[in-house]
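A single structure is presented below for examination.
Bear in mind these aren't lab numbers, they're just calculated from the coordinates by the rules spelled out. Predicted model, so just to flag it, every value in this text is computed and none were measured. Cβ placement follows ideal geometry from the backbone for every residue including glycine, while neighbour counts extend to all protein chains displayed.
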Amino acid sequence: MPLELFREEETSNCYRNTDFPHLKFIERTDKFTIDDIVFPDEIPMKGVALNQISNCWMKLLEKAGVVQNAIIASDASSLLKFGVGEQFAGRMIAVRECIPIPLECIVRGYYVEESDSWEAYRMHHNMYGNVLPKGLKDSQRLPNPIYTPSLKGGINEPDTNISFADTIDVIKKYLIENIELENEQRDYIYTLAFSIATSIRETSLRAYSFAHDYAMQKGIIIADAKIEFGTILDVNTGKRKLVIISDAFTPDSCRLWNLKSYQVGRPQPSLDKHIIKRYVRRFLKQETSAVCAAHALPQEVLNETADVYWNLLKRLFNKDLVGVTSDIAWDWNHAQGDILL
C-alpha cells in the first residue's frame, strides 16, 4: 500500500501505511518557523540536512546509554520495503508508533540576552523555579544547565512556559488519557507522574550535557536545546518506555555558536535558524510575525542558512552536501536494483 499523509506539522509531515500499522513515517521538509509561525519560504535541502544531523545525534545518544529512540529504519532498502518512494530519499525515517508527551523539554546552559524567555530572570533572578546568580552577562555560561519546560502548543500556537511542578500535572493527565494503568498505578498516580517527570528532567539534562561536551570538541557551543519525548511499548516487558522523538540537537531545536569566536558580553553569530529570525526581526520589526510570514525572504538569506546547516553537519559528523547526496542517490539506486532482482 502507498503512504498516506495523515498529519502536517510545522516542519515535517507524518505518513502511515496500513500494511504496517505499528509504524509511522516522518518526512522532514524544507519549511521553517519563526515565533511559531510557519513561513511560506523554504530553506534549500534543509530537510535532508536536519534528517542527517538528528539521526546521527540519536544514534550517539543511544550508543552512549543516555536515551533510546523510536527509529526503525532510515536506509533505502528498509524504507522501500515499507512502501516509501524515492521522492522521500534522505528526508524520511520509519519509527515505531509512540504516544508523544506534550512537553517541550528545554535545557539552557547559557544566558541569552536577546531571548524573551529570559525576561523572568531579568525581573527576579529566578527562571521557572531555577534560582540563578545576579548580574549574568550576555552569552555567559551558567554554573549548571537548567531545565525550563514548556507546554507544547498546536501548529501556529505558542508554547507556554511552566514549572517542574506543572509538568507533574501534565504527565498525570497524559497517563490517564493515554496509558492503560493497573489498579495499583491508579492509586498512586501522582507518585508515578512525579517519577516520570523527574526521569524526563534528568534525561533531558544528561542528553544536553552529553551533546554539549561532544559539540565542544568540534568547536561548537550548544547554548540551549529543546528535546521532546514519547513512550513506546517495549516488546520484551510489555511496559511502555521513554524515548526521544522529533529532532535531536538540530539547528531548528538548538541555539548553536562557534567556540572560536565566542565572547561573553555580546550576542553570538548564529549557527542555527536564528540567522533568519534575526533578519526578520531586524528588517520587518514593525510587523508581527504573522504579517512577516506574508513577505518573501531574500533567497540569499535562505541560502546562507542552508550553508550554515550543512557546514554544521560537516563539523559535527564529517558529512558534507556532496557526499550525503551522492550516498543517498547510490543507496536508493542500489536498493531498487536489489528489489528488482
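I want to check the label-to-label distance for L259 and K137. Put each point 7 Å from Cα in the C-beta direction and report it in nm to one decimal.
Taking the two extended label points, one gets 2.0 nm.
Which whole-Hz ³J(HN,Hα) couplings does the range 103-119 yield from phi under the Karplus relation 6.51 cos²θ - 1.76 cosθ + 1.60, θ = phi - 60°, glycine and proline marked x?
Karplus values, whole Hz, x for Gly and Pro: 10, 9, 8, 9, 10, 10, x, 9, 7, 10, 4, 6, 7, 5, 4, 8, 4.
Can you work out the Karplus-derived ³J(HN,Hα) for every residue in the range 162-170? Use 6.51 cos²θ - 1.76 cosθ + 1.60 with θ = phi - 60°, whole Hz, and x for glycine or proline.
Couplings: 9, 8, 4, 4, 5, 5, 5, 5, 4 Hz.
In addition: When every alpha-carbon pair in the range 90-144 is counted, what percent end up more than 12 Å apart?
74
Turning to a different aspect of this structure: Rounded to the nearest 20 Debye, what is the dipole magnitude of the chain about its Cα centre when Lys and Arg each give +1 and Asp and Glu each give -1 at the C-beta?
1100
Rg over Rh of the range 43-87, using C-alpha atoms and the Kirkwood radius, what does it come to?
Result for the range 43-87 is an Rg/Rh of 1.04.
Please list, in chain and number order, the residues 5+ apart from I106 or on another chain whose amide H is under 5 Å from its amide H, with Hs placed from the backbone.
HN-HN under 5 Å from I106: T148, S150, I227.
Taking the Cα-to-Cβ direction at D35 and at D307 and moving 7 Å from each Cα, how far apart do the two end points lie in nm?
Distance between label points: 2.8 nm.
If R0 is 35 Å, what FRET efficiency do you get for L5 and R281 from their C-beta distance, rounded to 0.05?
E(calc), rounded to 0.05, equals 0.60.
Between C14 and R186, what FRET efficiency comes out of the Förster formula 1/(1 + (r/R0)^6) with R0 = 45 Å and r the beta carbon distance, rounded to 0.05?
0.90
Still on this structure, I have one more. Can you list the aspartates and glutamates whose alpha carbon sits under 19 Å from that of K134, skipping same-chain ones fewer than 8 residues off?
Filter leaves E113, E114, D116, E119.
May I ask you to derive the FRET efficiency for D116 and E86 from their Cβ-Cβ distance with R0 = 45 Å, giving the value to the nearest 0.05?
FRET efficiency, D116 to E86: 0.60.
Once you sort the root eigenvalues of the Cα gyration tensor of the chain as a ≥ b ≥ c, which label holds: rounded (a/c under 1.5), prolate (a/b larger than b/c) or oblate (the other case)?
oblate
Quick check on the range 212-282: take the gyration tensor over C-alpha atoms, sort the square-rooted eigenvalues as a ≥ b ≥ c, and tell me if it's rounded (a/c under 1.5), prolate or oblate.
prolate
I'd like the Karplus ³J(HN,Hα) series for the range 130-135: coefficients 6.51, -1.76, 1.60, θ = phi - 60°, whole numbers in Hz, and an x wherever there's a Gly or Pro.
Taking θ as phi minus 60°, the curve returns 9, 7, 10, x, 6, x Hz for the range 130-135.
Please work out the ratio of the alpha-carbon Rg of the range 165-218 to 2.2 N^0.38 Å and round it to two decimals.
Relative to the 2.2 N^0.38 Å estimate, the range 165-218 comes out at 1.51.
Given the DSSP H assignment, sum -39500 (n - 2.57) over each helix run of at least 4 residues in the chain and divide by its residue total; what's the result at 222 nm in deg cm²/dmol, nearest 500?
Rounded to the nearest 500, it is -12500 deg cm²/dmol.
Follow-up question, since we're still on this one. Which GluC sites (Glu not before Pro) from the range 166-266 combine a DSSP loop assignment with at most 10 other Cβ atoms within 10 Å? All intermediate terms of the calculation are to be shown ahead of the outcome.
Working: sites: E177, E180, E182, E184, E202, E228; in loops: E180, E182.
Passing sites in the range 166-266 are E180, E182.
May I ask you to compute the full-extension gain from A64 to S326, defined as 0.36 nm times their residue separation minus their alpha-carbon distance, rounded to one decimal in nm?
Computed gain between A64 and S326 is 91.4 nm.
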